[in-house]
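Sending over a structure as structure tokens; questions will come in a sec.
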Amino acid sequence: MKIVLNGEPRDVSAETLADLLLECGFSGRVATAVNEDFVPSGLRISQTLNEGDRVEVLAPMQGG
Amino acid sequence: MKTFYGTQLPNPLMLGTAQYPSPAILEQAFRDSGAGVATVSLRRESGAGQTFWQMIRELGVLVLPNTAGCHTVKEAVTTAHMAREVFDTKWIKLELIGHTDSLQPDVFQLVEAARILTDDGFEVFPYTTDDLIVGERLLTAGCEVLMPWGAPIGSGRGLNNEYALRAMRAEFPDVPLVIDAGIGLSSHAAHAMELGFDAVLLNTAVARAGDPVVMAKAMMQAVMAGQLAHQADPIEARDMAEPSTPVIGKAFLS
């Protein structure tokens, strides 16, 4: 399935957001959004992915 | 002393974590200055985020995540929710940028986002202008802290409109007020505190100084000095001289 992950086109086999994080090797503290909507960590397992979904995986970063 | 949503700050310096020459210098700047609050952000995971977060946690400072770079209410609200989960705090420095060159806040969207986030249980620190009516609207929206700009972000110009900031202090005597952005020198930071502000939030002035660690210490000393000076009830400036040494008893020697 083709999705866009952090702005990059990706072909993935994961069907849920939780599986996508595993497949793409994300670990540690991240926050997720699908199609510009926040998905709390507890809901990642039930968040199914669809062709063309835009997924954002964000992590702590320096800021002012 | 005023609290920030019930939390007493250890000192009046809030320090940003961006733009330092290295993570080690960032860490040292916090350790040597003793700044009690660190602003942080969320960006696309590239691998460095976890190490950074570990270091911030080890500093033992209060963490204030921002919504930097957001231009719409929706974007800011979503970012705030993501930040609350990642950083495990209700605090959010709400930034809604309205102008690309000045990074001036879009105060209309700011008020709207502040209301939504407050209703969602956030404790909002709004980055705003020095406009009194906007300040009032933010308080009505549920904010218990206001963070007016001193000058545009990263400009280092100090307090551009002292008159407006004085008016803001006078209008909201019981609200914790933070000068956020525009500080370049320690004298600017001291000035803000002398006006009676409760804290100063700065980043670029320290991170981009030739020696960020020393500048961070200078900023801490400046905010402490300014705070003490304000508490000491300073004299009013006057136009004419007034001798400080007693005139009575002076010898007649001419």
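All of the numbers you see were taken from the coordinates with simple rules; none came from a lab. Treat the numbers as computed from the prediction; the structure is a model and nothing was measured. Positions of Cβ are generated from backbone atoms using ideal geometry, with glycine treated the same way; all protein chains shown enter the neighbour counts.
Could you tell me whether region B:122-130 includes any residue that is over 21 Å from B:VAL200 (Cβ atoms) and crowded, with 20+ Cβ neighbours inside 10 Å?
yes
Table: residues versus (1) of a type outside the set (D, E, K, R); (2) within 12 Å of chain B (Cβ to nearest Cβ); (3) surrounded by 13 or more Cβ atoms within 10 Å (Cβ to Cβ); (4) touching a His at 6+ places or on another chain (Cβ under 6 Å).
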position	(1), (2), (3), (4)
A:LYS2	no, no, no, no
A:LEU5	yes, yes, yes, no
A:GLY25	yes, yes, no, no
A:GLY28	yes, yes, yes, no
A:ILE45	yes, no, no, no
A:GLU51	no, no, no, no
A:GLY64	yes, yes, yes, no
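Within region B:47-74, count every residue that is part of a helix (DSSP H, G or I), more than 8 Å from chain A (Cβ to nearest Cβ) and more than 16 Å from B:ASN203 (Cβ to Cβ).
Qualifying residue count for the region: 6.
Across region B:28-46, what is the number of residues that are β-branched (Val, Ile, Thr) and more than 9 Å from chain A (Cβ to nearest Cβ)?
Residues flagged as β-branched (Val, Ile, Thr) and more than 9 Å from chain A (Cβ to nearest Cβ) within region B:28-46 amount to 1.
Condition first: β-branched (Val, Ile, Thr) and in a strand (DSSP E or B). Can you find one or more residues in region B:159-176 that meet it? Steps first, please.
Looking only at region B:159-176, we keep the residues that are β-branched (Val, Ile, Thr), and these are B:175.
Retained after the next criterion (residues that are in a strand (DSSP E or B)): none.
No: zero hits.
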